[in-house]
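Undergrad: Could you have a look at this structure, given as structure tokens, before my questions?
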Amino acid sequence: MNDINEDRLPAYITDEWQKIVELLTEITGLPTAFIARIKSDRLLILNYCDKRDNLVEGERIAHEEINLAVDRVINKILCDKYNFRSLLSYPLKDSRNKTFGRICLADNKENNFSGINKKIILEFKGFIENHLEVYDLHNKLAENRQELKKSKKELENTVHELHNVVEETVDALGSAVGARDAYTSQHQERVARLSFEIARELDLPGDCCKGIYLAALIHDIGKIKIPIDILSKPSILSELEFELIKTHSEAGYIILNKIEFPWPIADIVMQHHERLDGSGYPEGRSGDDILLQSRIIAVADVVEAMTSHRPYRPALGLANALNEVEKNKGILYDKEVVDSCLDVFRKNNTQVITWMGGNN
């Protein structure tokens, strides 16, 4: 597989990193922040925000490659070149624990850097390393896609085989989430099972039911971009933290959009938090403008979430979960989907009830 250090990063990543360096200077009040990558014996400045005053042009950060002498440390090279008096710098690691580059805060004055500054830069370091992890996953999937294209003619005659490959891809994505966050992985599995049963209760075609099941298995893949401390926080999220959590639907779409699925998986994932009355996110869609597959997963998602223990609260029970979706059917949730969900449990399907935590 290609080394991530040799790849050209896509614009959606570097655009996000530009926001990060700008936020770093804004939050910390320090004049300079930048992200650099290491390629062989050179350091390439990728993103920077430099608010220092009264500097000559040669002292300002620029998008350029810097030669690295093997007997000198990177921090000293950067300080000498850009006239920094102090530099806070942390290495960035990719998903294989290889050093990709560095994230830096700098000052043209002596600065011991507070613990708050160190905590902030480490948070953003985590964001960037999540981006690298997702991008590495993109590369792996792209290589798998190339392999599929080489045998396209054979695969066109073997739809079943293609579906198997798709399932393996979904399993790989689910495993990536599970390796980082066991709760999200288990949540996705239970939502997938319930979504499949609801789809069958609606008499949807088997192929459509399968697509819903696979989409539900990775509907929270975008949470791979959310810091694990927020996902496992043992108290109610702040407004800012919740806004960050809400980005996972769109992040999931970005991860999945380039993968060639037989179903609109990326769009289903993007819309699974939309609500009939337009109060959902990320696009505020309403009514039939929301995919039926997403409306099904939305109901299963709420039922599973309420019946599961969370770090900040105990499980609320199956009865409360079913009451929530019934109370809001036709308002937040699709009426036919809710009725089908209730029918799944009314038929006393003991296996489904066991998935959802019993008869409590």
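Undergrad: When all C-alpha to C-alpha distances in region 29-145 are sorted into bins of 10 Å, what percent of pairs does each bin hold, rounded to whole numbers?
TA: 12, 42, 32, 10, 3, 0
Undergrad: So for region 213-360, considering every pair of alpha-carbon atoms, how many percent are separated by more than 27 Å?
TA: Tail fraction, whole percent: 23.
Undergrad: List the equivalent ellipsoid semi-axes of region 295-342 in whole Å, largest first, each obtained as the square root of 5λ for an eigenvalue λ of the Cα gyration tensor.
TA: So the equivalent ellipsoid measures 20, 10, 8 Å along its semi-axes.
Undergrad: Between region 195-228 and region 297-317, what is the C-alpha centre distance in whole Å?
TA: What the calculation gives is 16 Å, centre to centre.
Undergrad: Students often get this wrong, so check it: of K119/K223; K225/K258; K140/K258; K225/K329; K246/K335, which have C-alpha atoms separated by over 23 Å?
TA: K225/K329; K246/K335
Undergrad: Any idea of the accessible area per residue across the chain, 1.4 Å probe, to the nearest Å²?
TA: 49
Undergrad: Right, something else. Quick check: convex hull over the Cα atoms of region 190-231, volume per residue in Å³, rounded to an integer?
TA: 59
Undergrad: Stokes-Einstein at 37 °C, 0.692 mPa s, Kirkwood radius from Cα pairs: D for region 95-141 in µm² s⁻¹?
TA: 262
Undergrad: Same structure, new question: What ³J(HN,Hα) values, in whole Hz, does the Karplus curve 6.51 cos²θ - 1.76 cosθ + 1.60 give for region 88-102 when θ = phi - 60°, with x put for Gly and Pro?
TA: 10, 9, 10, x, 9, 10, 8, 5, 9, 6, 8, 6, 8, x, 9
Undergrad: May I pose another question? Report, in cubic angstrom per residue, the convex hull volume of the C-alpha atoms of the chain.
TA: In the chain, the Cα convex hull volume per residue is 153 Å³.
Undergrad: Additional query: Can you pull the percent of the chain's accessible area that's carbon plus sulfur, 1.4 Å probe, other chains left in place?
TA: The nonpolar share, carbon plus sulfur, comes to 48 percent.
Undergrad: Further question: For the chain, set up a Gaussian network in which alpha carbons nearer than 10 Å are linked by springs, and say which option among V134, V21, V299 fluctuates the most.
TA: Residue with maximal mean-square fluctuation among V134, V21, V299: V21.
Undergrad: Test of the criteria: in region 202-286, which GluC sites (Glu not before Pro) are in a DSSP loop and have at most 16 other Cβ atoms within 10 angstrom of their Cβ?
TA: Within region 202-286, the qualifying GluC sites (Glu not before Pro) (loop, at most 16 other Cβ atoms within 10 Å) are E260, E283.
Undergrad: Along the Cα→Cβ direction, 7 angstrom out, place labels at I245 and D203. What is the inter-label distance in nm?
TA: 3.8
Undergrad: I've got another one for you. List the residues whose amide H sits under 5 Å from the amide H of F100, counting only those 5 or more places along or on another chain, with H placed 1.01 Å from N in the peptide plane.
TA: Here L92, K93, D94 satisfy the definition.
Undergrad: Just add up the charged neighbours of Y12: K/R +1, D/E -1, any other residue whose Cβ is under 13 Å from the Cβ of Y12.
TA: +1
Undergrad: Still on this structure, I have one more. Restricting things to alpha carbons, tell me how big region 231-274 is in terms of Rg and Dmax, in Å.
TA: Cα radius of gyration and Dmax of region 231-274 are 13.0, 40 Å respectively.
Undergrad: Mind giving me the nanometre distance, one decimal, between the label points for N75 and K118, set 7 Å out from Cα along Cα→Cβ?
TA: Between N75 and K118, the simple spin-label model gives 1.1 nm.
The values are calculated or read from the model by the stated rules, or taken from the named source; none is laboratory data. As the structure is a prediction and not an experimental result, all values here were calculated from the model. Glycine gets a Cβ as well: all are built from the backbone with ideal geometry, and neighbour counts include every protein chain shown. The protein model used for the area step is the full one, side chains on, heavy atoms only, and it has no ligands, DNA or RNA in it. Shrake-Rupley method; radii C 1.70, N 1.55, O 1.52, S 1.80 Å.
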